[in-house]
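The numbers here are math on the coordinates, done by the rules we state, and not lab data. These numbers were taken from a predicted model, which means no experiment stands behind them. Cβ placement follows ideal geometry from the backbone for every residue including glycine, while neighbour counts extend to all protein chains displayed.
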Amino acid sequence: MTAPVEGPATDIIVVGAGPAGRSLAYRAAAAGLRATLVDPAPHRVWRQTFGMYADDAPAWLEPGAVAARTAEFCVFTPQRRAVDREYLVLDSERFQQSLSLSEVTVVASSATALTATSVTLADGSVLAGRHVVDARGTAGHRRADTPRQTAVGILAGRVGATDGGDDPDTTVLMDWRPADTGPNAVSSNLTSSGPASFSYRIDTARGRLVEETCLAARPPLGIAELARRARLRLRLSAPTGDEEVQHGGMDEIVDFPMYPNARPWRGDGALAIGAVGGLMNPATGYSVAQSLRAADLVVEAVAGRRDPRAALWPRAARIAFTLRLLGLLVLIRLRPAELVGFFDAFFGVPVPLQRAYVSSHADAPGVLRAMAAVFRRSPPRLKARVAVASARAAVEVVRLMVV
Ligand SMILES: Cc1cc2nc3c(=O)[nH]c(=O)nc-3n(C[C@H](O)[C@H](O)[C@H](O)COP(=O)(O)OP(=O)(O)OC[C@H]3O[C@@H](n4cnc5c(N)ncnc54)[C@H](O)[C@@H]3O)c2cc1C
């Protein structure tokens, strides 16, 4: 559609055409709202690989947007455990196309200032709307005190490698086994200096992706060290000259802050959603499924003339977010072996509790029950370490809440 740079007020202006913003604009238009989407490159093709639990996906997600689906996934902590929870990997390009913009007014521009009802564009013009939503992602957030998730992914087929583990067709959500178990093992994901990392292995539309991941660390684990560990796991030699230029031969680079804002519900300006708006789970770094679900909460509120911020952040959601933030700040204080023990306890609790912790947006009692269950399952030494780390993390959370 053509884009009036200034014009009559629209119902909702969404700034940022990543998964969060585009899905909101799409769902708003589908509900009959007048929606505008602003992004300097609104049709840039998404290259990231997006995974999610099937029970988190909204019912309206197009089946054609799914590249791979497994009825269960497995983890190695370090022993193998199958977890009975369906997992999806999206075909990013088809997923993007499925969020049709045919009924949305698309403005190809950068926003320079946002208020609750207006957006200033790079050329100085102003768009007005009943609601403005900030879905600009976290690319600009670089605070040193915020833990970051970093990862590197290699398409195993492209480099002629096997899976790097022994489960070639399975979704391996976390493999905490050492990357080098051979007789000459010297340094790996668990023993070398720096934070621990695990291997995440999934089938994607582009083939088998093997991703060496540091869930969260402060300071973050560097991309070069992750690439070294990924190569070690896949038994690959050093990158060639050309590959070196392309991020050390990696096919996917992940690097984002786990919580750009510790109180995303605060303020009365534009409502933030997606990774910048507290919809990234501080326990996992996942946000896409939550953003898709949140789109409908926001759309229903706007259509019903209710406050979308209140709809998205009831008290229970704010408490759940804060508890997960606490959990994250405990995790980054654990040593590598303790982290493995923590996840061994985590994946040993019943799936509904796992779900409460990593998925539900507003189930604060569920998050608390999950935390208590993981603590109970932990061995005594880990319990003691978690207790100490929790005390320190709690101080940090209080500080974050009062700043
Ligand atoms: C490689 C990678 C893999 C990931 N894998 C997963 C996964 O498997 N599952 C999962 O749930 N999460 C995953 N994540 C985390 C997270 O879900 C993604 O980062 C996701 O893209 C966040 O979506 P978003 O829409 O909030 O922000 P973004 O995708 O960052 O989109 C932000 C948009 O805002 C636009 N923008 C920025 N500034 C302006 C401005 N001033 N004016 C207008 N527009 C602007 C940008 O151009 C961009 O299009 C992954 C992240 C990475 C980097």
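For a quick check: with amide H placed at 1.01 Å from N, whose amide H comes under 5 Å from residue 215's, ignoring anything fewer than 5 positions away on the same chain?
Amide H neighbours of residue 215: 198.
Measuring from label point to label point, each 7 Å out along Cα→Cβ, what is the residue 403 to residue 141 span in nm?
In this crude label model, residue 403 to residue 141 measures out at 1.2 nm.
Would you work out the charge dipole size for the chain about its Cα centre, treating the Cβ of every Lys and Arg as +1 and the Cβ of every Asp and Glu as -1, and quote it to the nearest 20 debye?
In debye, rounded to 20, the chain gives about 1520.
At 20 °C and 1.002 mPa s, grab the translational diffusion coefficient of segment 315-402 from Stokes-Einstein with a Kirkwood Rh over Cα pairs, rounded to a whole number in µm² per second.
164
Of 54, 135, 151, which is the most mobile in a GNM of the chain whose springs link Cα atoms less than 10 angstrom apart?
54
Excluding residue 378 itself, calculate the net charge of residues whose Cβ lies under 11 Å from the Cβ of residue 378, where each Lys or Arg counts +1 and each Asp or Glu counts -1. Kindly include the intermediate steps, with their values, before the conclusion.
Values: positive: 376, 377, 381, 383, 385; negative: 338, 344.
It works out to a net charge of +3.
Calculate one ³J(HN,Hα) per residue across segment 75-86 by plugging θ = phi - 60° into the Karplus curve 6.51 cos²θ - 1.76 cosθ + 1.60, and present them in order as whole Hz with x for glycine and proline.
10, 10, 10, x, 6, 6, 9, 8, 10, 7, 8, 5
Relative contact order, percent, of segment 315-402 when contacts are C-alpha pairs under 8 Å separated by at least 6 residues?
With pairs under 8 Å counted, the relative contact order is 44 percent.
Among 277, 64, 51, which one shows the biggest mean-square fluctuation in a GNM of the chain, springs joining Cα atoms closer than 10 Å?
64
What does the net charge come to around residue 26 if you take all other residues with beta carbon closer than 13 Å to its beta carbon, with K and R at +1 and D and E at -1?
After counting each charged neighbour, the total is -1.
Identify which of 62, 225, 212 has the largest mean-square fluctuation in a Gaussian network model of the chain, with springs joining Cα atoms closer than 10 Å.
62
Tell me, 315, 208 in order of fewest to most beta-carbon neighbours within 10 Å?
Ascending number of Cβ neighbours within 10 Å: 315, 208.
Give me the percent relative contact order of segment 1-124, please, defined on Cα pairs under 8 angstrom at least 6 residues apart.
31
Relative to the first principal axis of the alpha-carbon coordinates of the chain, what is the inclination of helix 19-30, with its axis defined by its Cα atoms, in degrees from 0 to 90 and to the nearest 10?
40
Exposure proxy check: 39, 307 ranked by fewest other beta carbons within 10 Å?
On the way: 39 23, 307 13.
Listed from fewest to most nearby Cβ atoms, that is 307, 39.
Report the gain in length on full extension from residue 72 to residue 41: 0.36 nm times residue separation, minus Cα-Cα distance, nm rounded to one decimal.
Gain on stretching residue 72 to residue 41: 7.5 nm.
Exposure proxy check: 26, 87 ranked by fewest other beta carbons within 10 Å?
87, 26
Amide H to amide H, which residues 5 or more places from residue 38 or on other chains are under 5 Å from it, using H placed in the peptide plane?
Long-range HN contacts for residue 38: 14, 15, 16, 107.
Tell me the net charge near residue 367. Cut-off is 12 Å between Cβ atoms, residue 367 excluded, with +1 for each Lys or Arg and -1 for each Asp or Glu.
Summing Lys and Arg as +1 and Asp and Glu as -1 gives +3.
Let me have the relative contact order for the chain, percent, based on Cα pairs under 8 Å that are six or more residues apart.
Contact order relative to length: 18 percent.
Mind computing the radius of gyration and Dmax over the alpha-carbon atoms of the chain? Å is fine for both.
That works out to 21.3, 71 Å for Rg and Dmax.
Go through segment 211-216 residue by residue and turn each phi into a ³J(HN,Hα) via Karplus (6.51, -1.76, 1.60, θ = phi - 60°); whole Hz please, and just put x for glycine and proline.
So the J values, rounded to whole Hz, are 10, 7, 10, 9, 3, 6.
If R₀ is 25 angstrom, what is the calculated FRET efficiency for the pair residue 372 and residue 392, using the beta carbon separation as r and rounding to 0.05?
Computed FRET efficiency for residue 372 and residue 392: 0.80.
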